[in-house]
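One structure is given below, encoded as structure tokens.
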Amino acid sequence: MHRLRLGGLQLRTWCAFDVIGVPAVLDLDAVLDTHCAHCDHPLRVTIETGQPPKESPVVGRLPGGPCRNVQADFCPEANLFCNHAHLAAWRKGAGDPPGTTASLTELAHTGRQVWTKLT
Ligand SMILES: [Zn+2]
């Protein structure tokens, strides 16, 4: 579960991709609070005018396996990690499932592409 403070609203989502992509497509300030999917360390990402910090050790992962149900198949595996080492450790422990690594900037870029279709 990820928490997102966006435009005075406190939201919760199942998907780390949404918490970066939604503020990105809306060009809004936001604060994301979540935990590293490997070590459970709290992570806070401050987004300014839709743009996450360019220089951040925090890295995201987008699942690449079959997706019949977004909430069941995609969101639980779309997470943020403290850094590349924690993502690599998680992948090893999870049996190296298919997926791609994405920086916060890349997640915002992809989010704009996906979510702009809905605005
Ligand atoms: Zn971690």
Within region 25-44, how many residues are over 17 Å from Leu87 (Cα atoms) and either within 11 Å of the chain's Cα centre (by Cα) or surrounded by 15 or more Cβ atoms within 10 Å (Cβ to Cβ) (or both)? 7
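Conditions tested, residue by residue: (1) touching a residue at least 24 places away in the same chain (Cβ under 8 Å); (2) farther than 14 Å from Arg5 by Cα.
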| site | (1), (2) |
| --- | --- |
| Asp18 | yes, no |
| Leu32 | yes, no |
| His38 | yes, yes |
| Glu48 | no, no |
| Pro52 | yes, no |
| Arg61 | yes, yes |
| Pro76 | yes, yes |
| Asp96 | no, yes |
| Thr101 | yes, yes |
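Considering only strands (runs of 3 or more DSSP E) fully contained in region 20-119, which possess at least 1 residues that are out of contact with any helix residue (DSSP H, G or I) (no Cβ under 7 Å at 6 or more places or on another chain) and either among the hydroxyl-bearing types (Ser, Thr, Tyr) or more than 16 Å from the ligand (Cβ to nearest atom) (or both)? Let's see the steps before the verdict.
Numbers: elements: 30-35, 42-47, 59-63, 79-81, 99-103.
Answer list for region 20-119: 30-35, 42-47, 99-103.
Laboratory data are not the source of any read-out in this text; all were calculated from the coordinates shown. Quick caveat, the model's predicted, so the values are computed rather than measured. Cβ: placed from backbone, ideal geometry, glycine included. Neighbour counts: every protein chain shown.
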